[in-house]
Amino acid sequence: MSMSHAYGTPPEPPAAADLLLKALDSGYTFFDTASLYGFGANETLLGSTLKHRRSEFVLASKCGMLRPREPDSRPEILKQTCDDSLRRLQTDVIDLYYLHRWDKRVPIEDAIGALADLVKQGKIRMIGLSEVSAATLRKAHAVHPVAAVQSEYSLWTRNPEIAVLDACRDVGATFVAFSPLARGFLTGTLRDVSSLPPKDIRHAMPRFQGENFTRNLKLLDGFSAMARENDCTMGQLALAWLLAKAPHVVPIPGTTRLGHLAENAAAADVQLTTGAIRRMELLINPETVSGPRYNATTLPEIDTEGG
């Protein structure tokens, strides 16, 4: 996503393409995009850059969010979006296709039925859901197996622990954690929100605003000390925590920088003790983090325990 919009200033397409190829060369095997990212620009980037190496990675994309960021789960829209994505991605099949957000005006059974048709047609291999509750997951899974659920999950966003993680385990779905670095916060490199470009989406997120952000910054000193104790960076510590949570949890860190690409991959080598995990969770948790993760305009999009 960050290669096309949302965070900071997106890199120029040649630089983004170079980063994607280097990710593939260094062992990354799962690429996650969406029709929403750059309103098609990100899928176009992946398609033009990686089409000649398509067999080397698992490709995920998403449907059900249209300009200007409005959920739409009507079956005809999902099918048309898939055809458009296949064209931009320059591929015959998308390995994992998520319903980006569930449009509550459309029964989840109808939306999943449309995606099941795409599986039968050979346009997608597996169905995923994003930001849904455990109850919605179970309803969807009763129509067609759900291979993955993608939602925000990190030390400072723990909503999936209420029920979704268990529901994923019960139905055999992988849980894909987006924003595993808390939108850059847990790397410790963002200390001044005013330094962000005007269009950066974090300006509209309560946790990065005013007194909330001031209070949240105080958590980083202790977290930095824990990273030093574990001989890793703060970002690696955040990713290692997720990797230690459960075998079916897969974090997907995003970056636009080559150095961070290697740093994130090395998090898999960080081994945490039970005591270290406990200390991290005591330091950063729903009671110690200040502010909701989304503003009042965006929250209604979410169908998940705790918002």
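The values are calculated or read from the model by the stated rules, or taken from the named source; none is laboratory data. The model shown is predicted, which means the values in this text are computed figures rather than measured ones. Cβ coordinates were reconstructed from backbone atoms using ideal geometry, including for glycine residues, and neighbour counts include every protein chain displayed.
Brief remarks follow.
- In segment 209-231, the condition of being farther than 25 Å from Thr256 by Cα, of a type in the set (D, E, K, R) and not in a helix (DSSP H, G or I) is met by at least one residue.
Here is a yes/no grid of residues against (1) surrounded by fewer than 16 Cβ atoms within 10 Å (Cβ to Cβ); (2) of a type in the set (Asp, Glu); (3) under 23 Å from Lys120 (Cα atoms); (4) modelled with pLDDT under 95:
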| position | (1), (2), (3), (4) |
| --- | --- |
| Asp18 | yes, yes, no, no |
| Asp32 | no, yes, yes, no |
| Gly38 | no, no, no, yes |
| Glu56 | yes, yes, no, no |
| Pro71 | no, no, no, yes |
| Arg88 | no, no, yes, no |
| Asp92 | yes, yes, yes, no |
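Let's see how each residue does on (1) under 23 Å from Ala246 (Cβ atoms); (2) of a type in the set (Gly, Ala, Ser):
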| residue | (1), (2) |
| --- | --- |
| Lys123 | no, no |
| Leu129 | yes, no |
| Leu137 | yes, no |
| Pro145 | yes, no |
| Phe175 | yes, no |
| Phe178 | yes, no |
| Ala182 | yes, yes |
| Ala204 | no, yes |
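- In segment 260-304, residue nearest to the chain's Cα centre (by Cα) [restricted to those that are of a type in the set (D, E, K, R), buried (at least 16 other Cβ atoms within 10 Å of the Cβ) and in a loop (DSSP other than H, G, I, E, B)]: Arg293
- Single condition Ala240 does not satisfy, out of (1) of a type in the set (A, V, I, L, M, F, W, C); (2) crowded, with 16+ Cβ neighbours inside 10 Å; (3) farther than 30 Å from Val171 by Cα: (3)
- Identification of helices (runs of 4 or more DSSP H) wholly contained in segment 44-146 with 3 or more residues that are within 25 Å of Ala23 (Cβ to Cβ) yields 75-89.
- Residue in segment 175-185 that is loosely packed, with under 15 Cβ neighbours inside 10 Å, in contact with a Ser or Thr (Cβ under 9 Å, 6 or more places away or on another chain) and either acidic (Asp, Glu) or more than 24 Å from His5 (Cβ to Cβ) (or both) present: no
- Scan of segment 3-15 for residues that are among the small types (Gly, Ala, Ser), surrounded by fewer than 20 Cβ atoms within 10 Å (Cβ to Cβ) and in contact with a Pro (Cβ under 7 Å, 6 or more places away or on another chain), ordered by number: Gly8
- Any pair with Cβ under 7 angstrom, 6 or more apart, that starts in segment 66-92 at a residue that is over 21 Å from Leu299 (Cα atoms) and in contact (Cβ under 8 Å) with a residue 40 or more places away in the chain and ends at one that is of a type in the set (D, E, K, R) and in a loop (DSSP other than H, G, I, E, B): Cys82/Lys123
- Just one of the listed residues (Ile124, Ile162) is under 21 Å from the mean Cα position of the chain (by Cα) and surrounded by 23 or more Cβ atoms within 10 Å (Cβ to Cβ), namely Ile124.
- Contact map, segment 231-254: residues that are under 14 Å from Ala266 (Cα atoms) paired with residues that are of a type in the set (Val, Ile, Thr) and part of a loop (DSSP other than H, G, I, E, B), Cβ distance under 6 Å, separation 6+ or inter-chain. Pairs shown: Cys232/Val270; Gln236/Val270; Ala240/Val270.
- Cβ pairs under 8 Å, 6+ apart, first in segment 194-205 and under 17 Å from Tyr37 (Cβ atoms), second among the aromatic types (Phe, Trp, Tyr): Asp200/Tyr7; Ile201/Tyr7; Arg202/Tyr7; Arg202/Phe208
- Candidate set: segment 171-201, residues that are of a type in the set (Gly, Ala, Ser) and in a loop (DSSP other than H, G, I, E, B); chosen: the one nearest to His260 (Cα to Cα): Gly184
- Looking across segment 115-135, the residues that are out of contact with any strand residue (DSSP E or B) (no Cβ under 9 Å at 6 or more places or on another chain) and under 16 Å from Lys79 (Cβ atoms) come down to Asp117, Lys120, Gln121, Gly122.
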